[in-house]
Amino acid sequence: IAGITQAPTSQILAAGRRMTLRCTQDMRHNAMYWYRQDLGLGLRLIHYSNTAGTTGKGEVPDGYSVSRANTDDFPLTLASAVPSQTSVYFCASSEGEPGANVLTFGAGSRLTVL
Amino acid sequence: GQNIDQPTEMTATEGAIVQINCTYQTSGFNGLFWYQQHAGEAPTFLSYNVLDGLEEKGRFSSFLSRSKGYSYLLLKELQMKDSASYLCVPSDSNYQLIWGAGTKLIIKP
């Protein structure tokens, strides 16, 4: 089934540890995104990539980094996790610009930083 | 600033019709999406409006008035599985999506 795979599904992490959330899509979409979702708030864009080899900062990029070595993979790294990064993280993709194309989301990664 | 105004929560009865209203203010406009999100799951696409008027897709319809900065999602013949959050997501002049917290819809038997 075509779509987006995220891993891990859930993780508890000690503050200060490094963590990489994995995201892989098999739809050959050009654009990929990382969002975080906190209770009572809308999705907030962390980083995005319009095409392989390029990345950009979203609304809340601090403390996170991404890479886009190929079309399919878009990992999100927390270099030194802090409790405020406790959240549900969604990876998404679209054929083109998000504002004119449907986003397809992964199932999410629930991260707890203690 | 850019903002979205939707009711936080609505309750409706199985088999009935419900209309979820959304008003928005954006810097420019390039269309409006509605997404559905069940608790603990990812958002899924419902509809997209870029021109004024009504778009119908099965039990769901979405309406847009660009001059009023207004949209609504109409759900007919409500089913228990329609219990979810509904996200009104406009796109601004830079094609950036503006996400709000959405409307939590509770369906009662």
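Observations, loosely collected:
- Considering residues of segment B:40-53 that are within 11 Å of chain A (Cβ to nearest Cβ) and aliphatic (A, V, I, L, M) only, the residue nearest to A:Trp34 (Cα to Cα): B:Ala42
- Segment A:62-114, residues that are free of Cβ contacts under 8 Å to residues at least 24 places away in the same chain and within 14 Å of another protein chain (Cβ to nearest Cβ): A:Gly99, A:Ala100, A:Val102
- In segment B:54-79, residue farthest from the other protein chains (Cβ to nearest Cβ) [restricted to those that are small (Gly, Ala, Ser) and surrounded by fewer than 13 Cβ atoms within 10 Å (Cβ to Cβ)]: B:Ser67
- Residue within segment A:83-91 that is of a type outside the set (S, T, N, Q), part of a strand (DSSP E or B), surrounded by fewer than 16 Cβ atoms within 10 Å (Cβ to Cβ) and modelled with pLDDT of 95 or more present: no
- With respect to being under 21 Å from A:Pro98 (Cβ atoms), surrounded by fewer than 20 Cβ atoms within 10 Å (Cβ to Cβ), modelled with pLDDT under 95 and not polar (S, T, N, Q), B:Gly40 falls outside the description.
- Residue in segment B:80-95 that is nearest to the other protein chains (Cβ to nearest Cβ), counting only those that are surrounded by fewer than 21 Cβ atoms within 10 Å (Cβ to Cβ) and under 10 Å from B:Asn30 (Cβ atoms): B:Tyr95
The values are calculated or read from the model by the stated rules, or taken from the named source; none is laboratory data. Please read all numbers here as calculations on a predicted model, not as lab measurements. All Cβ positions, even for glycine, are placed from backbone atoms using ideal geometry, and neighbour counts span all protein chains on display.
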